[in-house]
Amino acid sequence: MPENADLDAFRAETREWLEANCPPEMREPVRDEDDVYWGGRNASFKNDAQKAWFEACRDKGYTVPAWPKEYGGAGLSPAEAKVLRQEMAAINARPPLSSFGIWMLGPALLHFGTEEQKRHFLNQIARGEIRWCQGYSEPGSGSDLVSLQTFGEDKGDHWVVNGQKIWTSYADNADWIFCLVRTDKDDKYRGITFMLFDMASEGVSTKPIKLISGNSPFCETFFDDVKVPKSYGEGIPAQVGEVNRGWDVAKYLLGHEREMISGADGGERTSAIGAAMKRIAGELDPVLRAELAMFDVDALAYACMGEKFLDEIKVGKAHPAQPNMMKYAGTELNKRRYELMMAAGGSQALEWDSEETGGGKTARGWLRTKANSIEGGTSEVMLNVISKRILELPGA
Amino acid sequence: MPLYHDDDQAMLADSASQFMREEGAIAKQLRHWRDKDCKDGFGHELWKQFGEMGFTGILVGEDDGGLGMGHVEAGIVLEEIGRNLTPSPFLASSVLAATALQHGGDEVRGRYLPGLISGDSVFAVAIDEGAKHRPETIRTKAEKSGNGFKLSGRKDFVVHGASADMIVVAARTSGSDDDKDGITLFAVPKDAANMSHDAVRLVDSSMATHTTFDGVELDGDAVIGEVDGGREILDKVLVAGRVGSAAEGIGVARGAMDMTVDYLKQRKQFGKLIGEFQALQHRAAHLYSEVEIARAAVIKAAQLLDGGSDKADLMASVAKAKVAAAAGLAVREGVQMHGGIGMTDEYDIGLYMKRDRALQEFLGDRYYHAGRVAEMSGY
């Protein structure tokens, strides 16, 4: 079929391009957070290879390969994007750029944004110029997110925002925030606006939260009379979607967040962990080996589901609530993976800051995974959504 | 290749679904033959209809008169079989035996494939020796005798063994019991002398045999493939059968799950539909998630097998083990959530539990396949 011939040609081309442009150092597993470039005003590259890889991808549109070219992407079809993903996985290529802009704000803008908003913000995201953070949860609004209280008072050509967000990932390193702000206190669902504003605005402050892992990837974010202009130029309103209709955007985005946390990457990178655990443990207790085998069955099957889900989502075949299932299964699996890594690692995995353990990488990672089934909607909320929207159970 | 059914496959799924729902329905087939104490465990009329639909020869190449389709397509038919608990020799005949026979010479193919494709004949495969699936060890012996062979030994869990016109037998022609090499596959006619079938009814009302070979004389042309070269064919038969039985298993799982979710929407207790209780909602949602994941593994394994990938064997074991877990959960939760009525013979949910149990054992259970995944992954 000609379609396949085109894809084969694209695959050959992609392989050649990756060979020429992906430095060997960028084909090593990601070990630390700064092994991946996050972009932003204050970003710096860890090394020349990271810079070269990022710039090559940026210029080719491969930081966001499936986005249209006019917004900084490469305009790849779903089939081409899958080929690129497979070829990158085959050489173990690191992502050239990671950001909440790519995963979350981007999809929201593509769906809800005005043409000018897309051109303005998406290109910045694709080029890694602005690092975004997400202002959703509040101290009193976790699973019950829609009860959020951060308020934006309408002052004509601007809002004045007051309130507090929590669990704002990397807020202390972010340039801009996409933030859920209540703009009508009388309407719970239709009284929220999805606002974009500069974290350098006067009245914004952040405070990192130290987690059980000892790390501080999340912040408390405070807004104290923050002035947010209603427009950033012709056709570029400060909100995505309409004023007071931000909950629609938020719900749409939560789907993407759940997809991201689910770890669904098309499955190309998933392989059994048992052999690595055996190297770590020396000899595997037969019962641990059995548990590892059961885990690997589940993980390899889940990787198939990831591939199926991504294939289906591209052509609109996936159930709209399916990301909730992916998030539930993927995060529970990841927690199990780290439990087994701790078991295989024995007393060495307990070490908190030794050089041999890379500063307690396994222990801290194990603790970090406990957040997977809490952030972006708890497992319990995911099960509620599956019950209600997929199984259509009554009164759920 | 995207991991969902293309348009042709979706059409096949529609026709298979309609056919099994109408012709292969539980009341019309499984209960009907079970309550008649049918010694074959399935209806030959239905099997003929399978032939008319083209299902029987789905995996047989077009040159041999079949449809020349792949394991994704066979899996589509099997999923509908599973969903309706339709008793038929499809898995034994059209997947396992058809895979074996296609490796035979012109003589073997010409003699057996027309009957297999038309549905006039039924084929069984004899692999297991003992109560657990351990195809690594084969003790049944075929010794050179004149121009042919003399077969002795015993095979167990020969599904449809009593009603089959021919049985594909894996026997040892050289080496010792645990050797990988030295296996030969034979096409053994049902009426061969010195062969006895001890037919047993299984928990799911299907029929299997303990088949004993006491010096069964076979012609040289009963050999499928090469003498001592049967392991390679056997491995292909096994991987095809595992993917196929996983596909049937996912049909069983989905059938049981759908029935149970429907029940949650109908049954009232404490003045409420029981589906309103979060304790049951979360379990149903978890089940849904497990079944969806298992189904993805089945389709992936079938695609890899059709594409000739060297990962097909690993993924077949992943699929078999994952389906066993998911389908097991589906039938256990199914019976539990149905409450007392789930324990009655009148209600179908228990039939799903029984069929799942039989499929779990067929060609290796969850523990066997998880162990294989570990071995193939280097631990």
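The values are calculated or read from the model by the stated rules, or taken from the named source; none is laboratory data. Predicted model only: the values in this text are computed from it and were never measured. Backbone-built Cβ (ideal geometry, glycine too); neighbour counts: all protein chains shown.
Some observations on this one:
- Here B:Ala285 fulfils each of the conditions (1) closer than 17 Å to B:Glu248 by Cβ; (2) aliphatic (A, V, I, L, M); (3) outside any loop (DSSP other than H, G, I, E, B) apart from (1).
- Every test in (1) surrounded by 23 or more Cβ atoms within 10 Å (Cβ to Cβ); (2) more than 8 Å from chain A (Cβ to nearest Cβ) is passed by B:Ala297 save one, and that test is (2).
- Qualifying position, being touching a Pro at 6+ places or on another chain (Cβ under 9 Å) and in contact (Cβ under 8 Å) with a residue 60 or more places away in the chain, among B:Leu359, B:Leu363: B:Leu363
- Here A:Pro237 passes the criteria (1) closer than 19 Å to A:Glu115 by Cα; (2) in contact with a Gly (Cβ under 9 Å, 6 or more places away or on another chain) except the one numbered (2).
- In the set (1) within 28 Å of B:Met353 (Cα to Cα); (2) surrounded by 19 or more Cβ atoms within 10 Å (Cβ to Cβ); (3) β-branched (Val, Ile, Thr), B:Val188 fails one condition alone, (1).
- B:Arg254 more than 10 Å from chain A (Cβ to nearest Cβ) and more than 31 Å from the chain's Cα centre (by Cα): no
- Of the residues making up the stretch A:94-114, none is more than 30 Å from A:Val240 (Cβ to Cβ), in contact (Cβ under 8 Å) with a residue 40 or more places away in the chain, surrounded by 18 or more Cβ atoms within 10 Å (Cβ to Cβ) and hydroxyl-bearing (Ser, Thr, Tyr).
- Against the criterion of being assigned to a loop (DSSP other than H, G, I, E, B), among the acidic types (Asp, Glu), free of Cβ contacts under 8 Å to residues at least 60 places away in the same chain and within 22 Å of B:Gly364 (Cβ to Cβ), B:Asp156 does not qualify.
- Test result for A:Lys251, in contact with a Leu (Cβ under 7 Å, 6 or more places away or on another chain), outside the structural domain of A:Thr168 (by TED's automatic domain parsing) and either assigned to a helix (DSSP H, G or I) or of a type in the set (D, E, K, R) (or both): no
- In a residue-by-residue description of the stretch A:299-308, the property of being within 23 Å of B:Asp365 (Cβ to Cβ), of a type in the set (Phe, Trp, Tyr) and without any contact (Cβ under 8 Å) to a residue 60 or more places away in the chain applies to at least one position.
- Candidates B:Thr99, B:Thr86: the one that is assigned to a helix (DSSP H, G or I) and within 19 Å of the chain's Cα centre (by Cα) is B:Thr99.
- Any hit, the stretch A:281-297, residues being facing another protein chain (nearest Cβ under 9 Å) and more than 19 Å from B:His369 (Cα to Cα): no
- Selection within the stretch A:348-396 - facing chain B (nearest Cβ under 10 Å), buried (at least 20 other Cβ atoms within 10 Å of the Cβ) and farther than 24 Å from A:Ser141 by Cβ: A:Ile390, A:Leu391, A:Leu393
- Every residue from the stretch B:263-281 that is more than 10 Å from chain A (Cβ to nearest Cβ) and surrounded by 12 or more Cβ atoms within 10 Å (Cβ to Cβ): B:Tyr263, B:Arg267
- Residue list for the stretch A:110-120, filter: touching a helix residue (DSSP H, G or I) at 6+ places or on another chain (Cβ under 9 Å) and assigned to a helix (DSSP H, G or I): A:Leu110, A:His111, A:Phe112, A:Gln117, A:Lys118, A:Arg119
- The criterion of being more than 19 Å from the chain's Cα centre (by Cα) and part of a helix (DSSP H, G or I) does not hold for B:Asp235.
- Filter result for B:Lys155 (surrounded by 22 or more Cβ atoms within 10 Å (Cβ to Cβ), within 19 Å of B:Leu202 (Cβ to Cβ) and of a type outside the set (Gly, Ala, Ser)): yes
- Failed criterion for A:Val297 (all others in (1) surrounded by 21 or more Cβ atoms within 10 Å (Cβ to Cβ); (2) within 19 Å of A:Tyr252 (Cα to Cα); (3) not basic (Lys, Arg) hold): (2)
- When we screen B:Glu346, B:Glu292, B:Glu375 for residues that are modelled with pLDDT of 95 or more and outside any helix (DSSP H, G or I), the only hit is B:Glu346.
- The helices (runs of 4 or more DSSP H) falling completely within the stretch A:273-358 that include 3 or more residues that are among the hydrophobic types (A, V, I, L, M, F, W, C) and at pLDDT below 95 map to A:274-281, A:286-314.
- Of all residues in the stretch A:121-162, exactly one satisfies the criterion of being assigned to a helix (DSSP H, G or I), of a type outside the set (A, V, I, L, M, F, W, C) and assigned by TED's automatic domain parsing to the domain that holds A:Asp224, namely A:Ser147.
- Residue list for the stretch B:23-60, filter: over 15 Å from B:Ile117 (Cβ atoms) and hydrophobic (A, V, I, L, M, F, W, C): B:Ala25, B:Ile26, B:Ala27, B:Leu30, B:Trp33, B:Cys38, B:Phe42, B:Leu46
- Candidates are the residues of the stretch B:243-271 that are in contact with a strand residue (DSSP E or B) (Cβ under 8 Å, 6 or more places away or on another chain) and of a type in the set (Lys, Arg); the one that is farthest from B:His282 (Cα to Cα) is B:Arg267.
- Of the residues examined, B:Met343 is not one that is more than 10 Å from chain A (Cβ to nearest Cβ), farther than 23 Å from B:Ala240 by Cβ and in contact (Cβ under 8 Å) with a residue 60 or more places away in the chain.
- Selection over the stretch A:331-347 of residues that are of a type in the set (Ser, Thr, Tyr), away from chain B (no Cβ under 12 Å) and surrounded by 14 or more Cβ atoms within 10 Å (Cβ to Cβ) gives a count of 1.
- In this structure, B:Ala319 does satisfy being surrounded by 21 or more Cβ atoms within 10 Å (Cβ to Cβ) and within 11 Å of chain A (Cβ to nearest Cβ).
- Subset tally (residues that are more than 9 Å from chain B (Cβ to nearest Cβ) and touching a Ser or Thr at 6+ places or on another chain (Cβ under 6 Å)) for the stretch A:300-330: 2
- Any hit, the stretch A:191-212, residues being among the acidic types (Asp, Glu) and in contact (Cβ under 8 Å) with a residue 12 or more places away in the chain: yes
- B:Glu143 vs. criteria within 18 Å of the chain's Cα centre (by Cα) and either in a helix (DSSP H, G or I) or under 20 Å from B:Ala170 (Cβ atoms) (or both): no
- Filtered by the rule that a residue be under 20 Å from the mean Cα position of the chain (by Cα) and hydroxyl-bearing (Ser, Thr, Tyr), the stretch A:188-219 gives A:Ser213, A:Ser216.
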